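The values are calculated or read from the model by the stated rules, or taken from the named source; none is laboratory data. Treat the numbers as computed from the prediction; the structure is a model and nothing was measured. Cβ sites come from the backbone with ideal geometry, for glycine too, and all protein chains shown count toward neighbours.
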Amino acid sequence: MKKGVLLVNLGTPDKPEVKEIRHFLKHFLADQRVVAMPKAVWLPILYGPILMVRPKKVRAAYRKIWTMAGSPLKVYMQQQVAQLQAELPDYQVFEAMSYSQPFLTDVLSEIQTAGIDDLTVVPMYPQYSTTTTTTMSIYDVVAQFYLKQSNMPTLHFVKDFYQRSGYIDLMATAIEQKLQTQTYDEIILSYHGIPKSYVTKGDPYQAQCEATTALLQARLPKQTFRTTYQSKFGPNEWLTPATSTTMQSLAQEGVRKILVLTPGFVADCLETIEEIDVENRAYFMDSQGEQFDYIHPLMLIHDLRPY
């Protein structure tokens, strides 16, 4: 039996330029799992002001985070695949992106050609959501692909892994290492936000984020943790408290030394490097904060073993 593991992340522009950013956003934001609005309402907005304005607006930010090897998200994904392949010599490990190259459908075709009999699909999102983290969108693409095939491997789909001990252990260990040389008033856990309406309809994402925080609190009971949500997009009401608002008010509460983690991310990207370590750092320090330390997303290789 030939076994495979497929790691899937969201995606990234091929270059930090307007054309490539627009191409990426077009794929991403046209997914109705991401923006659950009627196409007749949403597509004119997407193809109008959003794709005309936003690529130019975020180009400078992408240029700041770009590396000599390319997009951080893609570079780290390739490293994660290589590390996991070394951990699992009896498996063939593949990588795919939902909204950029290598596209998920293309990689599934490659897996089919390779004759994989047993496939574990791992969306690279510790907490499940039907929307922004696109776990459900990955499931949609996998299901649609095999609907058109005459044969398929035995499939294992990892819905989430926020509760797995390896994931919690890695973050707790990273925090403990920081605490060896520094004390903090609070530890801020910033998760990617989603529209509040999704939670109202039954999306478990918020509950899983809060459970992640609770698990870390249980591991480190002497520390004070706070959950916030980042990356709000559009006019709808999103989960609160917002990370940006929190950063501007912490010092007024007497919280002047903080350690920040982004538990919903397993690799650096625009939302972690630019939004957290630059933008939100500035919010905090400009609001009389004294110390802002940031633990970058962890390489959760040891926690991604197939069941």
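Overview of results
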quantity	calculated
Residues that are surrounded by fewer than 16 Cβ atoms within 10 Å (Cβ to Cβ) and in contact with a Cys (Cβ under 7 Å, 6 or more places away or on another chain), drawn from segment 211-228	none
Condition met for LYS148 (over 18 Å from ALA218 (Cβ atoms) and more than 17 Å from the chain's Cα centre (by Cα))	yes
Count - residues of segment 265-292 that are among the polar types (S, T, N, Q) and surrounded by fewer than 17 Cβ atoms within 10 Å (Cβ to Cβ)	3
Members of segment 92-108 that are in contact (Cβ under 8 Å) with a residue 24 or more places away in the chain and either of a type in the set (Val, Ile, Thr) or in a helix (DSSP H, G or I) (or both)	VAL93, LEU104, THR105, VAL107, LEU108
Residue that is surrounded by the most Cβ atoms within 10 Å (Cβ to Cβ) [pool: residues in segment 7-53 that are in contact with a Phe, Trp or Tyr (Cβ under 7 Å, 6 or more places away or on another chain) and assigned to a loop (DSSP other than H, G, I, E, B)]	THR12
Filter pass, THR212 being closer than 30 Å to LEU88 by Cα and out of contact with any helix residue (DSSP H, G or I) (no Cβ under 7 Å at 6 or more places or on another chain)	yes
Residue identified as touching a strand residue (DSSP E or B) at 6+ places or on another chain (Cβ under 8 Å) and of a type in the set (Asp, Glu) among ASP118, ASP140	ASP118
Count of segment 71-80 residues which are surrounded by fewer than 18 Cβ atoms within 10 Å (Cβ to Cβ) and in contact (Cβ under 8 Å) with a residue 40 or more places away in the chain	1
Number of the exception - ALA61 against (1) over 18 Å from the mean Cα position of the chain (by Cα); (2) under 20 Å from LYS232 (Cα atoms)	(1)
Residues satisfying the stated conditions in segment 157-196, i.e. small (Gly, Ala, Ser) and closer than 17 Å to SER244 by Cα	SER190, GLY193
Qualifying position, being small (Gly, Ala, Ser), modelled with pLDDT of 95 or more and buried (at least 20 other Cβ atoms within 10 Å of the Cβ), among SER190, SER137	SER190
Pairs with Cβ under 8 Å, 6+ apart, first in segment 158-171 and within 23 Å of MET136 (Cα to Cα) and touching a residue at least 12 places away in the same chain (Cβ under 8 Å), second among the charged types (D, E, K, R) and crowded, with 17+ Cβ neighbours inside 10 Å	PHE161/ASP303; ARG164/ASP303; TYR167/ASP303
